[in-house]
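Peer 1: Here it is, the structure, as structure tokens.
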Amino acid sequence: MREQSYLIVNPLEDKNVIERFYHFGGNDAFPLYLDSEFDAQKEIGPWLLPNPTDDFLFYFQGQPSGFVIYYSDSIETQIEHWKSLTFAGLDGELVLFRYYDRMVLEPMLSAFSQIELSTFLGTANRIKIISNDIPFSFKNSAPRLTHQLEPWWRIEKHHSQYSLKRHAWIVERLAWQRFPELMKTVYNLNFDIQLKLIGFLKQGRSYQLSNEELEAYSMIQLSKNTQWEEQTVFDAWYLDDKQINTVKKAGKLAMSNALQQGSEI
């Protein structure tokens with residue numbers, strides 16, 4: 001089969017990308033959250049756009065919101081591969097893997113070994129990302145079928161150096177996606193959301209919170225002066241009872257520390 005291409009795009013980075021794809025002659029765009037645990041969010045999750053036209057690629061070059069994949073097998077195989085990457089293992093826990101977010105993917109690609117790159121790309125031949133108008137590509141040296149029915153991809157520590165600034169940016173974008181009305185309320189409080197989130201993430205890490213616990217803790221702290229309840233955040237981040245108790249304990253500890261610091265002034 002001759003080599004073909006498709007794009008994986010992030011509608012949160014460009015809210016018009018799907019409409020533009022169809023406007024420029026595209027067909028059969030596929031939401032990768034379809035028939036998954038995140039089916040209700042399929043419109044704003046990752047999309048696979050097959051056989052993009054030259055006109056759309058010209059638009060995408062100026063407004064990048066994902067990456068291009070080149071492949072030589074079936075599009076159905078490609079769809080199943082990327083759907084299987086929705087969840088990944090991180091430090092022994094199952095997390096939502098936002099591979100379609102360039103802020104997540106770009107540093108990981110450079111950190112992958114050739115074996116890891118081939119595993120990540122599956123049967124695809126290569127991947128190309130357009131960043132700041134400068135495209136960069138990675139070739140798959142050994143395309144092979146890798147997806148499984150159960151979560152199988154594992155995120156290793158060397159894949160990406162942790163960045164508070166990048167994490168805060170990701171959390172804010174997720175929050176606008178999951179509860180825009182809350183974020184409008186927070187925005188109207190007239191403070192720097194990014195700066196606040198960086199502080200709360202740093203604080204949460206000092207309490208040994210990790211992954212979804214850390215993000216939920218930061219959002220709860222961010223929404224303290226609103227009418228929104230903590231359970232809204234817990235539900236949005238799919239926390240179980242054990243994780244919820246951990247986050248609540250961290251919140252009480254933060255309040256106790258704040259009161260103690262206030263009494264010492």
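Peer 1: Quick one: work out Rg over Rh on the C-alpha atoms of the range 164-264, Rh as Kirkwood radius.
Peer 2: Reported Rg/Rh (Cα atoms, Kirkwood Rh): 0.94.
Peer 1: So what is the 222 nm mean residue ellipticity for the chain from helices alone, if each DSSP H run of at least 4 adds -39500 (n - 2.57) and you divide by all residues, rounding to the nearest 500 deg cm²/dmol?
Peer 2: Computed ellipticity for the chain at 222 nm equals -14000 deg cm²/dmol.
Peer 1: From the cross-link list K184/K252; K224/K249; K165/K196; K42/K242, which pairs have alpha carbons spaced over 18 Å apart?
Peer 2: Going by Cα-Cα distance, K184/K252; K42/K242 fall outside the 18 Å limit.
Peer 1: What GluC sites (Glu not before Pro) does the range 190-239 have in DSSP loop regions with at most 16 other beta carbons within 10 Å?
Peer 2: Hits after loop and neighbour filter: E229.
Peer 1: A follow-up question, please. Per residue, how big is the convex hull of the range 4-159 when only Cα atoms are used? Give it in Å³.
Peer 2: 107
Peer 1: If you don't mind, there's one more thing I want to ask. If the viscosity is 1.002 mPa s and the temperature 20 °C, what translational diffusion coefficient in µm²/s does Stokes-Einstein give for the chain when Rh comes from Kirkwood over Cα pairs?
Peer 2: 107
Peer 1: Return the sequence-ordered ³J(HN,Hα) values of the range 51-63 in whole Hz as given by the Karplus equation 6.51 cos²θ - 1.76 cosθ + 1.60 applied to θ = phi - 60°, using x for Gly and Pro.
Peer 2: Taking θ as phi minus 60°, the curve returns 6, x, 6, 4, 5, 5, 4, 5, 4, 5, 4, x, 9 Hz for the range 51-63.
Peer 1: Give me the dipole magnitude in Debye, nearest 20, for the range 188-254 about the Cα centre, with unit charges on the beta carbon: positive for Lys and Arg, negative for Asp and Glu.
Peer 2: With only Lys, Arg, Asp and Glu charged at Cβ, the dipole is about 380 debye.
Peer 1: Here's something else I'd like to know. Taking H as built 1.01 Å from N, whose amide H comes closer than 5 Å to the amide H of T146, not counting residues under 5 places away?
Peer 2: It is T123, by chain and number.
Peer 1: Give, in nm to one decimal, the length gained when the segment between N190 and D73 is fully stretched (0.36 nm per residue of separation minus the Cα-Cα distance).
Peer 2: Once the chain is fully extended between N190 and D73, it gains 37.0 nm.
Quick note: the coordinates plus some simple rules give every number you see, no bench work behind them. Model, not experiment: these values are computed from the prediction. Ideal geometry is used to build each Cβ from the backbone, glycine not excepted, and the neighbour counts take in all protein chains shown.
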